[in-house]
Amino acid sequence: GNRLAGAIAALSAAAWFDLFLTRPYERFAITRSADVTAAILLLAVGLAVSQLAARARRLQIVAITDADYLAQIHDTAQLAQSAATPDAIVDQVRGQLTGLLQLRGCRYEYGTLLGHPPRLEQDGTVVAGRARWDVDRSGLPDQEVELRTYSGGHFYGRFMMQPTPGAVPPLQARLVAATLADQVGAALDTSRTAR
């Protein structure tokens, strides 16, 4: 269950202890101080255990999510180290960005910058115009958002991402997206250097 279910179970344990295991039996009346102490301890321990269980479940979800993020970065790094073409890496990252950031679509534009769309920065923030956009409260902007790819001081292109209305990607997902874009930049830089 959740914290509420744990609290109800703790209250229930204390109540049933009072009703069935203390004198006078089958009445909600405790007469001995030792029984009052036992009922309070049952309630306190039940509440503490339910809080710990809820926290453990939340930490397990965080660990699973973090492992998934790490696996995506690792998969892209392996693809970049293989003899894959930069286009294959761009395609893989485009698909990963779509899932990570809950996008409707995503495309990659090589070359120069046109326009001034909102931009996902390396630190996971989004800048729209000259102001920071509060992604955690409002989600991504309702227009295309760019994620630039750089390496070795060279600009190679950008991912143009179409956000899904109402989706609020967490900061960790946005940081992973920036790391994946960096890997694309490094792959394009390596390809350029090889030529």
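The values are calculated or read from the model by the stated rules, or taken from the named source; none is laboratory data. The model shown is predicted, which means the values in this text are computed figures rather than measured ones. No Cβ is skipped: glycine too gets one built from the backbone with ideal geometry, and neighbour counts run over all protein chains shown. All accessible areas refer to the heavy atoms of the entire protein, side chains included, with ligands and DNA or RNA removed. Shrake-Rupley method; radii C 1.70, N 1.55, O 1.52, S 1.80 Å.
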Output for the stretch 132-157, where each listed residue is assigned to a strand (DSSP E or B), open to solvent by 10 Å² or more (accessible area, probe 1.4 Å) and in contact (Cβ under 8 Å) with a residue 12 or more places away in the chain: Trp133, Arg148, Tyr150, Ser151, His154, Phe155, Tyr156
Which listed residue is among the small types (Gly, Ala, Ser), in contact with an Asp or Glu (Cβ under 9 Å, 6 or more places away or on another chain) and touching a residue at least 40 places away in the same chain (Cβ under 8 Å), from Ala173, Ala178: Ala178
Number of the condition not met by Ile61 [criteria: (1) open to solvent by 60 Å² or more (accessible area, probe 1.4 Å); (2) over 18 Å from the mean Cα position of the chain (by Cα)]: (2)
Residues within the stretch 158-181 that are open to solvent by 60 Å² or more (accessible area, probe 1.4 Å) and either of a type outside the set (A, V, I, L, M, F, W, C) or over 20 Å from the mean Cα position of the chain (by Cα) (or both), tallied: 3
Single residue of the stretch 26-41 satisfying the filter (touching a helix residue (DSSP H, G or I) at 6+ places or on another chain (Cβ under 8 Å) and either open to solvent by 100 Å² or more (accessible area, probe 1.4 Å) or among the polar types (S, T, N, Q) (or both)) that is nearest to Ala9 (Cα to Cα): Ile40
Qualifying position, being of a type in the set (S, T, N, Q) and open to solvent by 40 Å² or more (accessible area, probe 1.4 Å), among Gln102, Gln96: Gln102
